[in-house]
Amino acid sequence: ENDAGDYTCVCGDKQSTASLAVHALPVLFKKELKNEEVQEGASVSLYCELTKAAPVQWQIGSKLLKTSDKYQMRQHGTTAELVIHDLDIKDA
């Protein structure tokens, strides 16, 4: 997308200009989340991989999660990770 714009070829006092549009490919899941079974009180790491770097949000049901002592979110390029600490039955 950063390559979109008007390009000009100049030869002496003559020039030719063309406009370039770049259509972004959709972000897809390269590796999806996997189901986990973990003991109460433990921690779990959930991760997925995207086809290209893009911002992600983590949710449980319809509730948007925010970074806290319980939830730690990291993103390195195309890999997004959610770590849930001190798991409780209500975290299922």
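The values are calculated or read from the model by the stated rules, or taken from the named source; none is laboratory data. Keep in mind the model is a prediction, meaning the values are calculated, not measured. Here the Cβ is made from the backbone with ideal geometry for all residues, glycine too, and neighbour counts use every protein chain on show. Areas reflect the complete protein model, heavy atoms only, side chains present, ligands, DNA and RNA absent. Shrake-Rupley method; radii C 1.70, N 1.55, O 1.52, S 1.80 Å.
Looking at V56, is it open to solvent by less than 70 Å² (accessible area, probe 1.4 Å), in a loop (DSSP other than H, G, I, E, B) and in contact with a strand residue (DSSP E or B) (Cβ under 7 Å, 6 or more places away or on another chain)? Spelling it out, V56 is indeed open to solvent by less than 70 Å² (accessible area, probe 1.4 Å), in a loop (DSSP other than H, G, I, E, B) and in contact with a strand residue (DSSP E or B) (Cβ under 7 Å, 6 or more places away or on another chain). The criterion of at least 1 residues that are open to solvent by less than 100 Å² (accessible area, probe 1.4 Å) and at pLDDT 95 or above is met by the following strands (runs of 3 or more DSSP E) wholly inside segment 1-51: 5-11, 14-20, 44-50.
Applying the condition of being outside any loop (DSSP other than H, G, I, E, B), in contact with a strand residue (DSSP E or B) (Cβ under 9 Å, 6 or more places away or on another chain) and free of Cβ contacts under 8 Å to residues at least 24 places away in the same chain to segment 59-92 and asking which residue is farthest from E1 (Cα to Cα) yields Y71. Note on segment 59-92: residues that are more than 19 Å from N35 (Cβ to Cβ), surrounded by 14 or more Cβ atoms within 10 Å (Cβ to Cβ) and of a type in the set (A, V, I, L, M) amount to 1.
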